[in-house]
Every structure is written in C-alpha cells, then in structure tokens.
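*Asks:* Take a look at the following structure, please.
The values are calculated or read from the model by the stated rules, or taken from the named source; none is laboratory data. Values in this document were obtained by computation on a predicted structure and should not be read as measured data. Note that we place each Cβ from the backbone using ideal geometry, even for glycine, and neighbour counts take in every protein chain shown. Accessible surface is based on the protein model in full, side chains and every heavy atom, while ligands, DNA and RNA are left aside. Shrake-Rupley method; radii C 1.70, N 1.55, O 1.52, S 1.80 Å.
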Amino acid sequence: ADLVDDHLPMGESQAIMCVKRFAVGIVQVFGQEYLRSPNAEDATRLLEMNKARGFPGMLGSIDCMHWSWKNCPKAWHGQFHGQKKGSTIILEAVAYQETWIWHAFFEMPGSLNDINVVNRSPLMNKIANGDLPPVQFVANGRTYNYGYYLADGI
C-alpha cells in the first residue's frame, strides 16, 4: 500500500485527515454556543432550572465513559486495559439537558476508575482554584458557596 507520512496507508491517513477536518468544523460552528464553560449568567440559569427540578445547587451531570481503543499500542495495553475486556480510554463529560457539553476530558487510561479520573480532572482543578462562576445556594437550612455535579456510581 502507498504510505503517507512514512507510517500510515494512504486510505487511513485520508480518513484521519477527514475526521480532523470534521472535528475542526464542529468546533467552528458550534463551539461558542455548545462547547464552552458556563459564565455567571449561564450558571445562574442552570441553578434556577435545576432547583426547579429538585436539585438546588446542581450545575450539571458528570459521568465517565470507557471508549474501546482497538488499536492501542502494545506497550500501553497494561495501562489502558479497561474494566472489561480490551483497552479503553476514558471520556469525562459534563452535559446539560439542552445538548450543551461544557466540559470534556478525554485522556485518562481505562485502568482508572471514575473517582481517579475525577481526581485528575481539569474541572475539579478549576473548582479547587475558584476559577468557576460563584455559586451560592441553600439546602436544608445551610448555605453553600459552591455548586455540585450530579454523578452516578462514584
């Protein structure tokens, strides 16, 4: 087969180039509205909507998904071996009910569990450093000065 960049068959390099162009296009078209962190106005709206749904102080839902990595390099198999058969890479995301994905962290090896991914998360670093919009809410008569994220099974 013809090689491009001295290591990929031409069909594979074309596919990679098309996926990259597609990703750039998605970011250019939807990035400002759907692929961004919330500002103070967004946080206020999220808090109001979630309070009405019975979750005062909730900024969003966070979850980690294990994605199969068919062509994981052999040297990395141990690190990326997921909880199930095969190598996986983990996507941590915070999504909002209106298709707004305002946090995505796609890098951690599948050998980690969700709590270990959250501990390494740039989002948690932002929370710890106070880099997110200020949030204040009252639950059970107690005032909290930070929001929270609904999670399952961590």
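*Asks:* I'd like the FRET efficiency for Asn125 and Thr44, computed as 1/(1 + (r/R0)^6) with the beta carbon distance as r and R0 of 25 Å, rounded to 0.05.
*Replies:* So, using R0 = 25 Å, E works out to roughly 0.65.
*Asks:* Suppose the Debye formula is applied to equal point scatterers at every Cα of region 38-151; what is log10 I(q)/I(0) at q = 0.13, 0.18 Å⁻¹?
*Replies:* Ignoring solvent entirely, the Cα scatterers give -0.57, -0.90.
*Asks:* Next up: Give a quick list of GluC sites (Glu not before Pro) in region 27-115 that DSSP marks as loop, anything other than H, G, I, E or B, with at most 10 other Cβ atoms within 10 Å.
*Replies:* Within region 27-115, the qualifying GluC sites (Glu not before Pro) (loop, at most 10 other Cβ atoms within 10 Å) are Glu98.
*Asks:* Report the net charge of residues surrounding Ile101, where surrounding means a beta-carbon distance below 14 angstrom and charges are Lys +1, Arg +1, Asp -1, Glu -1.
*Replies:* Around Ile101, the surrounding residues sum to -4.
*Asks:* Summarise the accessible area of the chain (1.4 Å probe, protein heavy atoms) by the percent that is carbon and sulfur.
*Replies:* 55
*Asks:* What value, in deg cm²/dmol to 500, does the helix sum -39500 (n - 2.57) over DSSP H runs of n ≥ 4 give at 222 nm once divided by the residues of the chain?
*Replies:* -11000 deg cm²/dmol
*Asks:* Among His77, His103, His66, determine the one that fluctuates most according to a GNM of the chain built with springs between C-alpha atoms less than 10 Å apart.
*Replies:* Maximum fluctuation in the GNM of the chain, among the listed residues, is at His77.
*Asks:* Longest span of the chain, sites excluded, free of trypsin sites (Lys or Arg not before Pro) in DSSP loop with at most 11 other C-beta atoms within 10 Å? Spell out each step's value before the answer.
*Replies:* Details: sites that count: Arg53, Lys70, Lys84, Lys85.
It works out to 86-154.
*Asks:* Please count, across the chain, the pairs of lysine residues with Cα atoms under 18 Å apart that sit 8 or more places apart or on different chains.
*Replies:* 4
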